[in-house]
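One structure below.
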Amino acid sequence: MKIYIEDSYDKISEKAALIVAGRITVNPRSVLGLATGSTPIGMYKKLIDMYKRSIIDFSQITTFNLDEYYKLSRENRGSYYYYMMETFFNHINIPKENIHIPNGMADDIEKECREYEEKIDKAGGIDIQILGIGTNGHIGFNEPAENLNIRTGLIDLTENTIRDNSRFFEKKEEMPTKALSMGIVSIMKAKKIILLASGENKAEAIKNMTNGYINTNHPASILQAHRDCILIIDRDAAKLII
């Protein structure tokens, strides 16, 4: 695992965007695994800027998102579909048919999850997977537990995650309690992983994911076993490891 400690959130975003842009330049048909939340927004803005300046082209790129809330319509402002369209996809030239986000409204959730995995495999696997990290150490929505999902599946969200993510909804009661998420093996199969973290509230999670032990109560710790994982964090998030 490579760890880069930057002086600011802007520097984190810039470094991540440059790595992604480099991959797109080398392989214009790259498959990107994308994350939501507040942390990757800066990276998305910089990639949009690179596209508008004709530095990179998304016309042949394929994307797969990590997760989506269960039984939340895509029109809901809290959905990750809405987030991705407004934050990123509406501002670049990626074909809509190349965008893949789990459908939390699917009638047959098991089929939806199984077919999502099949689509990733058919695309040739994910070249770069972007991750954030929850304050409890979750990646995707793989929550701390004795047993972790291997593949994409339906997951019960912890009170910690519900509390953290309810800020994106007008009322806490509107926050879903379940989500579809890529599983641990699904994430680990990516050729390269970039995890972004910013802020003192992520410091404990970063310490637990880099301490030399793998523990399902800290799901992100599995990333220590990945062959090409890059951690890009600011000094606040790194305060317990430096």
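The values are calculated or read from the model by the stated rules, or taken from the named source; none is laboratory data. Because the structure is a prediction, the values reported are computed rather than measured. Note that we place each Cβ from the backbone using ideal geometry, even for glycine, and neighbour counts take in every protein chain shown.
A few remarks follow.
- Of all residues in the range 71-96, those that are farther than 26 Å from Ala16 by Cβ and either surrounded by 20 or more Cβ atoms within 10 Å (Cβ to Cβ) or among the hydroxyl-bearing types (Ser, Thr, Tyr) (or both) total 2.
- Residue pairs whose Cβ atoms lie under 8 Å apart, sitting 6 or more positions apart in sequence or on different chains, and linking a residue in the range 49-62 that is under 25 Å from Ala123 (Cα atoms) and modelled with pLDDT of 95 or more to a partner that is assigned to a loop (DSSP other than H, G, I, E, B) and of a type in the set (A, V, I, L, M), are Met50/Ile56; Tyr51/Ile92; Phe58/Ile92; Phe58/Ile94; Ser59/Ile94; Ile61/Ile94; Thr62/Ala123.
- Residues that are of a type in the set (A, V, I, L, M, F, W, C) and in contact with a strand residue (DSSP E or B) (Cβ under 8 Å, 6 or more places away or on another chain), drawn from the range 186-206: Ile187, Ala190, Ile193, Ile194, Leu195, Leu196, Ala197, Ala205, Ile206
- Total residues in the range 69-90 satisfying the condition of being touching a residue at least 12 places away in the same chain (Cβ under 8 Å), over 14 Å from Leu34 (Cβ atoms) and either of a type outside the set (Ser, Thr, Tyr) or assigned to a helix (DSSP H, G or I) (or both): the figure is 4.
- Taken over the range 19-47, residues that are assigned to a helix (DSSP H, G or I) and either crowded, with 23+ Cβ neighbours inside 10 Å or out of contact with any Asp or Glu (no Cβ under 7 Å at 6 or more places or on another chain) (or both) amount to 12.
- Of the residues Asp121, Asp107, the single one that is assigned to a helix (DSSP H, G or I) and either free of Cβ contacts under 8 Å to residues at least 12 places away in the same chain or within 22 Å of Asn165 (Cα to Cα) (or both) is Asp121.
- Residue within the range 129-149 that is over 15 Å from the mean Cα position of the chain (by Cα) and buried (at least 21 other Cβ atoms within 10 Å of the Cβ) present: yes
- Every residue from the range 173-211 that is modelled with pLDDT under 95 and either within 12 Å of the chain's Cα centre (by Cα) or surrounded by fewer than 16 Cβ atoms within 10 Å (Cβ to Cβ) (or both): Glu173, Glu174
- Listed by first and then second residue, the pairs linking a residue in the range 129-141 that is modelled with pLDDT of 95 or more to a residue that is assigned to a strand (DSSP E or B) and not hydrophobic (A, V, I, L, M, F, W, C), with Cβ atoms under 6 Å apart and 6 or more places separating them unless they lie on different chains, are Gln129/Gly33; Gly137/His218; Gly140/Asp67; Gly140/Ser181; Phe141/Asp67; Phe141/Ser181.
- Of all residues in the range 97-128 being closer than 20 Å to Lys192 by Cα and of a type in the set (Asp, Glu), the one that is surrounded by the most Cβ atoms within 10 Å (Cβ to Cβ): Asp127
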